[in-house]
1. Tell me which of these ASP440 doesn't satisfy, since it passes every other one: (1) touching a strand residue (DSSP E or B) at 6+ places or on another chain (Cβ under 9 Å); (2) crowded, with 17+ Cβ neighbours inside 10 Å; (3) not small (Gly, Ala, Ser).
2. Would you check which residues across the range 348-369 are touching a Pro at 6+ places or on another chain (Cβ under 8 Å) and buried (at least 21 other Cβ atoms within 10 Å of the Cβ) and list them?
3. Would you check which residues across the range 231-251 are buried (at least 24 other Cβ atoms within 10 Å of the Cβ) and either in contact with a Ser or Thr (Cβ under 9 Å, 6 or more places away or on another chain) or part of a loop (DSSP other than H, G, I, E, B) (or both) and list them?
4. ALA103: crowded, with 21+ Cβ neighbours inside 10 Å and either closer than 21 Å to PRO152 by Cα or assigned by TED's automatic domain parsing to the domain that holds PRO150 (or both), yes or no?
5. Go through LEU315, LEU285 for me and flag whichever is within 23 Å of ALA360 (Cα to Cα) and either assigned to a helix (DSSP H, G or I) or in the same structural domain as PRO199 (by TED's automatic domain parsing) (or both).
6. For the range 5-56, give me each residue that is in contact with a strand residue (DSSP E or B) (Cβ under 9 Å, 6 or more places away or on another chain), touching a residue at least 40 places away in the same chain (Cβ under 8 Å), assigned to a loop (DSSP other than H, G, I, E, B) and hydrophobic (A, V, I, L, M, F, W, C).
7. Does LEU137 satisfy being closer than 19 Å to ARG115 by Cβ and not in a helix (DSSP H, G or I)?
8. Out of all the residues in the range 463-492, which are more than 25 Å from LEU370 (Cα to Cα) and either touching a Cys at 6+ places or on another chain (Cβ under 7 Å) or outside any strand (DSSP E or B) (or both)?
Amino acid sequence: MHTSVPALPTALPDVELRATVRRGVPLAVVAHSGDPTPVVPGRETELSGEWMESVALTGRAGEVQPGPGGSSVRWVVGAGEGDPGHWRTAGAALTRAVHAALARDADAGREVVARTLALELPAGLGADEVGELVLGLRLGGYGYVVTGEPAPPRLRTIQLVTGAEEGVLAAAVRRASVLAKATALARDLANTPSNVKDPAWLARMAERTAGRAPGVRVTVRDHRWLAQQGFGGVLAVGGGSSRPPRFVELALAGRDGAPHVVLVGKGITFDTGGISIKPADGMHLMRTDMSGGAAVIAAMEALAALAPDVRVTGLVPCAENHVSGSAYRPGDVVRHFGGRTTEVTNTDAEGRMVMADALAYAVTRLSPDLLVDVATLTGAMKVSLGLRTGGAFASRDAVWDRVSAAGSRAGERWWRMPLASDLDTVDDQFADTLRSDLADVSQCPDGPGGIAAAMFLREFTDGLPWAHLDIAGPARAESTYDEVTAGATGFAARTLVELVAGYER
């Protein structure tokens, strides 16, 4: 039975620019570490040194203090040393603090009227800093809860007060707002519980979100089409569920001759592990095992809004990996799209099975200039890099350089992992473990788990420029930090947008 879930996409506060503070709107100002005296032009006497001492104001990034009674300043937020990432942290912390105050007013029975906040910006703040601030302001208050309780009061609008004409800052606010919306959509899709979210639901959400963006065409194929076309990996993984698989293709046309980037995202809407069943502890988190697919869908919607001079196609193979009499088994041989075969050794390594079909389809039917896949693929990556850094495998140095630069612009951390060709002393021996006596390749070759999975996927890329992004760690957060809230994080959506947008340069 389906459960009522929050309406998608989650509403985020709007951010707009203003030259001056509007009367009656609560005001926030900024303090920096080193010299935490708040930047309050014309209101210096309102925030005295005595008040600063009483609250032990430091100005560190993310610190939020209520202003003194009687002052026009309601909040002081710390922006640290003013690095772009510090502004993102500051914006998120401020939104959370205001939401907490609104909730306290509502709980106490006080009328909640002010849903608008003004934040006075220091003079000379650049577009990069403003963009990061907007990301934090919009995403910091994100929340996804399935509840019968009334929705808590939330900020509707945040006004950034520039003290002058908005100039180039308007473009930065717009772009950051688009990126924040993409992150929130990816979180929404991944957070949705799997009694609601099956392959057909995820395909419908692609149509209702990215599919309504200007220029995006969404095509959804069902299990019958998958069987006709020979998508053996998707059919094998989805065969154990009563809810059949789907294959989603999202296309954003570009001009004739524009470079073509294909994004492939894992869309496993729930993963029991199949016959190689997972332990009960932690299995509930497998509702987010389609975070890679969510990132691709969200990135496609954002790219339609930003309209870079690039042709983009997103592919999301959607399946539910379940246990039943029709589930695929260890020892099976699966024939992928294009004919290549895999010997199954662990049904819980289902992500690479569906991704192999999609990669082969991209190579054969789409002939991209750049092929990028993103997936919550291996627990080994969480061991290697923890929960806040994504693992990136790249077939060429130039591809890694693009991923790294995109991640830096997006505020998402990536670490390059080696492929076997980078390990000169063990290359031949390690690559040989991919071979199977029964099929073309073995599903789970020996060796480090994350690298082995990447090497398996590489077999289906036909030597094209390719990056594999393993987000098993940062796709989910156990606690709140920076602009991230506990649960699905939306990690990689912004990197994909920046990667594609940077490809026109």
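1. (2)
2. In the first step, residues of the range 348-369 are kept if they are touching a Pro at 6+ places or on another chain (Cβ under 8 Å); the result is 354-355, 357-358, 362, 369.
Result: VAL354, MET355, ASP357, ALA358, ALA362.
3. Of the range 231-251, the ones buried (at least 24 other Cβ atoms within 10 Å of the Cβ) are 231-234, 236-238, 245-248, 250.
Within the range 231-251, PHE231, GLY232, GLY233, ALA236, VAL237, PRO245, PHE247, VAL248, LEU250 meet the criteria.
4. Details: crowded, with 21+ Cβ neighbours inside 10 Å: no; either closer than 21 Å to PRO152 by Cα or assigned by TED's automatic domain parsing to the domain that holds PRO150 (or both): yes.
Against the criterion (crowded, with 21+ Cβ neighbours inside 10 Å and either closer than 21 Å to PRO152 by Cα or assigned by TED's automatic domain parsing to the domain that holds PRO150 (or both)), ALA103 does not qualify.
5. On the way: LEU285 fails: within 23 Å of ALA360 (Cα to Cα).
Result of the check over LEU315, LEU285: LEU315.
6. Matches in the range 5-56: ALA19, VAL21, VAL25, VAL40.
7. Details: closer than 19 Å to ARG115 by Cβ: yes; not in a helix (DSSP H, G or I): no.
Criteria not met by LEU137.
8. Residues of the range 463-492 that are more than 25 Å from LEU370 (Cα to Cα), as a first pass: 476-489.
Within the range 463-492, GLU478, SER479, THR480, ASP482, GLU483, THR485, ALA486, THR489 meet the criteria.
The values are calculated or read from the model by the stated rules, or taken from the named source; none is laboratory data. Fair warning: this is a prediction, and the values are worked out from it, not measured in the lab. When we count neighbours, we look across all protein chains shown, and the Cβ atoms used for this are built from the backbone with ideal geometry, even at glycine.
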